[in-house]
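Derivation of every value follows stated rules applied to the coordinates shown; laboratory data play no part. Just so we're clear, the structure is a prediction, and the values are computed from it rather than from any experiment. Ideal geometry is used to build each Cβ from the backbone, glycine not excepted, and the neighbour counts take in all protein chains shown.
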Amino acid sequence: MHFGRAAERLGISQAPLSMQIRQMEDALGVALFHRTTRRTRLTSAGETLLGHARALLDAAERAVAHTRAMSNETGGRLRVAGVAVALSHVLPPILREFRRLHPAVIVQVLPLDTSTQLRQLEKGEINIAFIRPTERAPFMQTETLMAEGFVAALPKGHRLAGKQVLQLTDFDGESLIGYAPMLGTGYATIMINALRQAGLQYRVIHEATHTHAVASLVASGLGIAIMPSWISNFVSPYLEFRPIRDLPKSIDLVVAWPVGEISPVALDFIAVTKRLAPSIAKGIDFDPANRH
């Protein structure tokens, strides 16, 4: 927001910089800056152009990195996305080992839900996705890595918190916070089917699409929830978690990548993921893929 400092950083004098900005404004037909004798700031049009410019430059950088990776160079950039459990429980040891093998590769990690990852994977905006199970699309390859179980999320001081381990029958008559149907999760289906098979009476009084949103509603005292076991590592002064004895470890975590991927860097990341997945699963009390 200072023409003089900007010109100095660019290694040019201020006059040609000001002229180029004026020419850009004339070409666009809008003012990009509010200029006064005391300050310079972007107009709303300038803010819009800045956002597009950054996206264009980032896309150009990704294009260069991807092209170099295709040519079997040791550097480059990978964009890896994952659902919450992948980022907190699964990716750290994979990233550590991959960095040991490829110290020059920059790995950008993005927290995204399954549906967003699928859209970005199809568009080529991410290289590797850690998702919940979904129908296999023609643009991607997948492999199931591991499966986790369920825990009960309870408001602090709830009567069921007096038990160390719960059974499905403990949920009879309770008000539940549920998961709204959402691509790749299946939590809602698994939970409802299990409760129905047990012949229990229950009420789903609210639904949310994300695990932390469900946890927040439970913490408010609105109800209790059946949630993926990884959430038990979430520390909140308003929540308690208890394992559920009679629910199987049936929530899969899947790695996905584009069909026909030939980037050596991306393929090495996938190979590291497959190699480490069984030991990671064992260390966090998940089931390896070959056990379910």
Original post:
Under a straight-distance cross-link criterion of Cα-Cα below 21 Å, which lysines are reachable from K163, leaving out those fewer than 8 residues away in the same chain?
Top reply: K249
Original post:
So for T43, T37, fewest C-beta neighbours within 10 Å to most, what's the order?
Top reply: T37, T43
Original post:
Any idea how far the Cα center of the stretch 1-34 sits from the one of the stretch 192-226, in Å?
Top reply: 56 Å
Original post:
How large is the charge dipole for the stretch 160-292, taken about the Cα centre, if only the Cβ atoms of Lys, Arg (+1) and Asp, Glu (-1) carry charge, to the nearest 20 debye?
Top reply: 220 debye
Subject >> DSSP-defined beta bridges in the chain - what % are antiparallel, rounded to 5 >> reply: 60 percent
Original post:
In whole angstrom, how long is each semi-axis of the equivalent ellipsoid of the chain, when you take the square root of 5 times every eigenvalue of its Cα gyration tensor and sort them from largest down?
Top reply: 46, 27, 16
Original post:
Tell me, what is the percent relative contact order of the stretch 3-67, built from C-alpha pairs under 8 Å that lie six or more residues apart?
Top reply: 16 percent
Original post:
Relative to the present Cα-Cα distance, how much length would full extension add between T209 and R136 at 0.36 nm per residue of separation?
Top reply: 24.1 nm
Original post:
Can you tell which of P181, L160, L87 lies farthest toward the positive end of the dipole of the chain, using +1 and -1 charges on the Cβ of basic and acidic side chains (Lys, Arg; Asp, Glu)?
Top reply: L87
**OP:** Rank L87, L42, L17 by mean-square fluctuation in a GNM of the chain with C-alpha springs under 10 angstrom and give only the top-ranked residue.
**Re:** L17
**OP:** Pick out which of E97, E47, E122 has the largest mean-square fluctuation in a Gaussian network model of the chain, springs linking Cα atoms closer than 10 Å.
**Re:** E47
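Sort the following peptides by mean Cβ neighbour count (other Cβ atoms within 10 Å, averaged over residues), highest first: 144-152, 21-29. Intermediate results must be reported in sequence, preceding the final value.
Values: 144-152: 21.7, 21-29: 11.7.
Listed from highest to lowest mean packing, they are 144-152, 21-29.
For the chain, give the magnitude of the charge dipole about the Cα centre (Cβ charges: +1 Lys/Arg, -1 Asp/Glu; no others), in debye to the nearest 20.
Working: 31 positive and 25 negative charges, 155 e Å.
Roughly 740 debye, rounded to the nearest 20.
Counting only DSSP beta bridges with both residues in the stretch 150-243, tell me the antiparallel percent, nearest 5.
Values: 9 of 15 bridges.
Bridges in the stretch 150-243 that DSSP calls antiparallel: roughly 60 percent.
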Original post:
So what is the calculated 222 nm ellipticity per residue for the chain, using -39500 (n - 2.57) for each DSSP H run with n of 4 or more, over all residues, to the nearest 500 deg cm²/dmol?
Top reply: -12000 deg cm²/dmol
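How much net charge surrounds V90 when only other residues with a Cβ under 15 Å from its Cβ are counted (Lys, Arg +1; Asp, Glu -1)?
Working: positive: R96, R132, K249, K274, R275, K282; negative: E97, E143, E148, D252, D285, D287.
Within the 15 Å Cβ shell, the charges total 0.
If I take every Cα pair under 8 Å that is 6 or more residues apart in the chain, average their sequence separation and divide by the length, what percent do I get for the relative contact order?
Numbers: 469 pairs, mean separation 66.1, N = 292.
The normalised contact order for the chain reaches 23 percent.
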